[in-house]
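Here's the structure we're looking at; comments come further down.
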Amino acid sequence: MRVALAYSGGLDTTVSIKWLQEKYGAEVITVTVDVGQPEDFEEVERRAFEAGAVKHYLIDGKSRFAEEFVKPAIKANALYEGEYPVSTSLSRYLIAEEVAKVASKEGCDAVAHGCTGKGNDQLRFDATFAVLVPEMKIIAPVREWGMSRDQEIEYARSRGLRIDLKKSRYSIDENLWGRSIEAGDLEDPWHPVDWEAFKFIRPPHEWPEGEEITVEFERGAPVSINGERMPLEEMVMQLNYRAGRHGVGLIDHMEDRVIGLKSREVYEAPAATVLIRAHKDLEKLVLGRRTLAFKRAVEEEWTWLVYAGLWHDPLRRALDAFIEETQKVVTGEVRLRMEKGSLRVMGRRSEYAAYSEELITYSGMSTFDQRAGAAFSNLWSLETRILNRARKSLR
Ligand code: ARG
């Protein structure tokens with residue numbers, strides 16, 4: 001048997017290489033996808049070969065991740081349960097797709113991933129594999145082997161695997177769009193997270209003077225910061241540092257996993273926080289209120305599909321088509337101020353603004369005919385008055 005394994009270089013996936021060989025007699029091909037995690041990829045490759053991989057692929061997925069996953073997420077204002085920018089979720093579809101591609105090219109019989117049976121990540125990998133390479137067997141060693149972490153470390157030691165037991169007390173998953181921080185003392189939802197858990201977000205005593213930035217959008221996609229155009233991938237990297245310095249982008253919330261468990265989740269996502277806030281604000285300047293209200297429902301469904309492993313559901317494409325249509329006028333600029341842990345929108349403008357200063361103004365010059373307001377207002381409460389009259393005897 002030949003297996004393509006999604007390989008991060010961590011303990012679980014390193015042990016998986018050996019385990020797949022021993023349990024299935026498999027030839028293991030490892031696939032590592034760079035989605036912006038700060039990894040020493042040469043070291044990852046070395047570790048894969050040491051554990052017995054027959055071949056290793058390193059795929060640079062950063063710009064595809066930015067263009068094909070992060071960009072639609074911005075247009076969808078994607079925040080699961082109002083807070084989490086689905087950063088880990090989005091990356092899984094790209095990683096699984098790259099693994100499936102290698103598996104097809106290498107004539108594999110199976111694909112494998114290192115997810116546990118408790119989380120959401122298994123849903124994202126399994127669904128993507130099942131859609132893209134339905135003929136292949138899916139193996140998730142961690143779900144099968146039933147080892148505790150200590151047994152796993154023992155297994156690694158007994159097989160001579162060089163594992164790097166993290167200095168970190170947390171389980172971290174990082175990509176361009178965000179950094180997920182789990183486990184350790186965070187498993188107590190009452191226990192506050194230490195500042196040192198963060199990479200971009202600085203603690204209060206390091207917060208600099210406030211800073212203003214202007215983000216420019218074209219058809220819903222951010223294209224420049226303070227007038228400087230750059231690829232989205234670069235903008236996101238820059239904003240993670242720039243906003244994180246001011247303490248912007250810290251998310252600490254209770255999250256509902258798909259399987260029905262609540263989980264305390266901590267994220268740092270400075271760029272996502274800034275770009276989604278700015279994007280939402282610009283939309284409110286240019287879109288009609290019924291479009292905005294309907295889009296909120298679409299956004300919630302889009303985000304749920306991404307969170308829940310269903311990126312490949314045709315509904316996601318259909319929702320993207322709706323969203324894309326709305327973005328035609330989401331062109332303009334938003335200015336924001338980052339200061340001492342806060343993010344504030346300070347202004348917005350667009351050639352497509354649906355705002356009329358002439359009509360709304362308080363000054364006497366308005367062309368708005370206020371006499372028309374009386375008849376409108378009278379009819380506006382008509383139904384409410386009828387309903388109240390009809391129910392008089394209830395009280
Ligand atoms: N709860 C988040 C999600 O389901 C983050 C998961 C982090 N995954 C990880 N393997 N550490 O998308």
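Each value in this text was obtained by applying a stated rule to the coordinates, not by laboratory testing. Values in this document were obtained by computation on a predicted structure and should not be read as measured data. Cβ atoms come from the backbone with ideal geometry, glycine included; neighbour counts cover every protein chain shown.
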Model label zone, R169; criterion: amide N under 19 Å from point 7 Å along Cα-to-beta-carbon; scope segment 192-229:
192-204
How big is the gap, in Å, between the Cα center of segment 294-367 and the Cα center of segment 266-290?
6
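Taking the Cα centre of segment 195-351 as origin, sum charge times position over the Cβ atoms of Lys and Arg (+1) and Asp and Glu (-1), and report the length of that vector in debye to the nearest 20.
Values: 25 positive and 27 negative charges, 89 e Å.
It works out to roughly 420 debye.
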Computed from the mean reciprocal separation of all distinct C-alpha pairs, what Kirkwood hydrodynamic radius does segment 225-340 have, in Å?
16.3
Treating the beta-carbon of each Lys and Arg as +1 and of each Asp and Glu as -1, no other charges, what is the dipole magnitude of the chain about its Cα centre, to the nearest 20 debye?
1500
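Using 25 Å as the Cα-Cα cut-off, could you pick out the over-long pairs in K55/K101; K18/K105; K262/K340; K71/K105; K105/K137?
Details: K55/K101 14 Å; K18/K105 22 Å; K262/K340 31 Å; K71/K105 29 Å; K105/K137 16 Å.
Where the Cα-Cα span goes over 25 Å, the pairs concerned are K262/K340; K71/K105.
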What net charge do the residues around G114 carry, taking every other residue with its C-beta under 10 Å from that of G114, with Lys and Arg at +1 and Asp and Glu at -1?
-1
Can you give the translational diffusion coefficient of the chain in µm²/s, computed by Stokes-Einstein from the Kirkwood radius over Cα pairs at 37 °C and 0.692 mPa s?
140
Projected area averaged over orientations for segment 345-395, convex hull of C-alpha atoms, nm²
7.2
In whole Å, what is the distance between the alpha-carbon centres of segment 18-46 and segment 140-159?
16
Once the Cα atoms of helix 270-286 and of the chain are each reduced to a long axis, what angle between those two axes, in degrees from 0 to 90 to the nearest 10, is obtained?
30
Which aspartates and glutamates have a Cα less than 19 Å from the Cα of K392, not counting those fewer than 8 places away in the same chain?
E383
Measure off 7 Å from each Cα along the Cα-to-Cβ vector at D320 and V54, then give the distance between these two points in nanometres to one decimal.
3.4
In which sequence would W311, W304 go, from the one with the fewest C-beta neighbours within 10 Å to the one with the most?
W304, W311
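Report the equivalent ellipsoid semi-axes for segment 6-163 in whole Å, largest first, defined as the square roots of five times the eigenvalues of the gyration tensor built from alpha carbon atoms. Kindly include the intermediate steps, with their values, before the conclusion.
Values: eigenvalues 140, 58, 51 Å².
Over the Cα atoms of segment 6-163, the semi-axes work out to 26, 17, 16 Å.
Among 78-85, 5-12, 270-277, how do they line up from the highest to the lowest mean number of other beta-carbon atoms within 10 Å? Intermediate values should be presented prior to the final figure.
On the way: 78-85: 19.4, 5-12: 22.5, 270-277: 25.8.
Result, highest mean Cβ count within 10 Å first: 270-277, 5-12, 78-85.
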